[in-house]
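Structure, as structure tokens:
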Amino acid sequence: MSKKLTIAIDGFSACGKSTLARMLAEKLDYIYVDSGAMYRAVTLYYIQHQLNTEQQLIDHLKLIHIGMQRIQGKNITTLNGINVEKQIRSHAVNELVSQLSTISAVRQKLVLEQRQMSKKGGIVMDGRDIGTVVFPDADLKIFLTASIQIRTQRRFEELMAKGIKTTQDRVRKNLIHRDMIDSNRDDSPLVKAVDAIELDNSYLTKEEQLELVLRWIKNLQNMPELDQ
Ligand code: C5P
């Protein structure tokens, strides 16, 4: 039996990290964790409770319980027991999430929970700091990129399909804004891990991308040091 790997996927907003991570997890029968959904759930809590300062959020952190469940093939994020999968993709959350993700206490809480999810290996997690901070010893680290035009188009279509009305211009500005904050924050900025493989998927279909990464995984699993 091949070893159950820990796979880290990082990259800018709307590069298709979640799509790749979900497809890999399904194919390999691994756990899939969308770490961005956890930062989004914290942001939703902040909005719902009408908090106004970082300190207020820090004081509330103990009251925030985030769950990740898989129901009928779909990933569901819960916030204190309530399904918030749609609400965490709203404009209000999009516009605030990167700011709140700069708070070290928020990151410490979520990183701890993310590490607990990987106890047995066999996990694909996507985010901004997975290969650099959450799993620095991951077996495979991928840094995804794609042009801003393609990322905008993909995210726009995704939001429209979910019934969230927006414009391409609004989506593009939000992606650029979040990338800027994510790349420049002091705690765990978005950077490519030195041992990550960079993959520009601008002109790859989802299936081509999956096939390519599965080939990398197969090669990895044939390496003697990964045998069980
Ligand atoms: O992945 P997604 O775009 O849903 O993430 C939303 C936001 O959460 C990111 O723009 C970033 O600010 C934050 N995030 C983070 N670290 C992660 C995952 C997401 O700071 N590991």
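LEU24: under 30 Å from ASN219 (Cβ atoms) and either away from the ligand (no atom under 13 Å from the Cβ) or not assigned by TED's automatic domain parsing to the domain that holds VAL191 (or both), yes or no? Can you show your working first?
Details: under 30 Å from ASN219 (Cβ atoms): yes; either away from the ligand (no atom under 13 Å from the Cβ) or not assigned by TED's automatic domain parsing to the domain that holds VAL191 (or both): yes.
Here the answer is yes, as LEU24 does meet what is asked.
Okay, residues lined up against (1) assigned to a loop (DSSP other than H, G, I, E, B); (2) in contact with a Gly (Cβ under 8 Å, 6 or more places away or on another chain); (3) free of Cβ contacts under 8 Å to residues at least 60 places away in the same chain:
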| site | (1), (2), (3) |
| --- | --- |
| THR132 | no, no, no |
| LYS141 | no, yes, no |
| PHE156 | no, no, yes |
| LEU175 | no, no, no |
| MET180 | no, no, yes |
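Quickly run through segment 59-96 and pick out the residues that are at pLDDT below 95, more than 15 Å from the ligand (Cβ to nearest atom) and in a loop (DSSP other than H, G, I, E, B).
GLN72, GLY73, listed by residue number.
Does segment 110-128 hold any residues that are among the hydrophobic types (A, V, I, L, M, F, W, C), within 8 Å of SER35 (Cβ to Cβ) and either touching a strand residue (DSSP E or B) at 6+ places or on another chain (Cβ under 7 Å) or more than 13 Å from the ligand (Cβ to nearest atom) (or both), and which are they?
Initially, segment 110-128 is screened for residues among the hydrophobic types (A, V, I, L, M, F, W, C), giving 110-112, 117, 123-125.
With the extra rule that they be within 8 Å of SER35 (Cβ to Cβ), the set shrinks to 110, 125.
Passing the criteria: only MET125.
Would you confirm, using the coordinates I've provided, whether GLU225 is within 18 Å of the chain's Cα centre (by Cα) and modelled with pLDDT under 95?
Answer is no for this residue.
With away from the ligand (no atom under 13 Å from the Cβ) and not charged (D, E, K, R) as the only criterion, which of GLY163, GLY131 stands out? Step through it out loud before you land on a result.
Details: GLY131 fails: away from the ligand (no atom under 13 Å from the Cβ).
Going through GLY163, GLY131 in turn, just one is away from the ligand (no atom under 13 Å from the Cβ) and not charged (D, E, K, R): GLY163.
Name, by its number, the condition in (1) surrounded by fewer than 20 Cβ atoms within 10 Å (Cβ to Cβ); (2) in contact (Cβ under 8 Å) with a residue 12 or more places away in the chain that does not hold for ARG40.
All conditions are met except number (1).
The values are calculated or read from the model by the stated rules, or taken from the named source; none is laboratory data. Note that the structure is a prediction, hence the values are computed from the model and not measured. For neighbour counting, all protein chains shown are included, and Cβ atoms are generated from backbone atoms with ideal geometry for every residue, glycine included.
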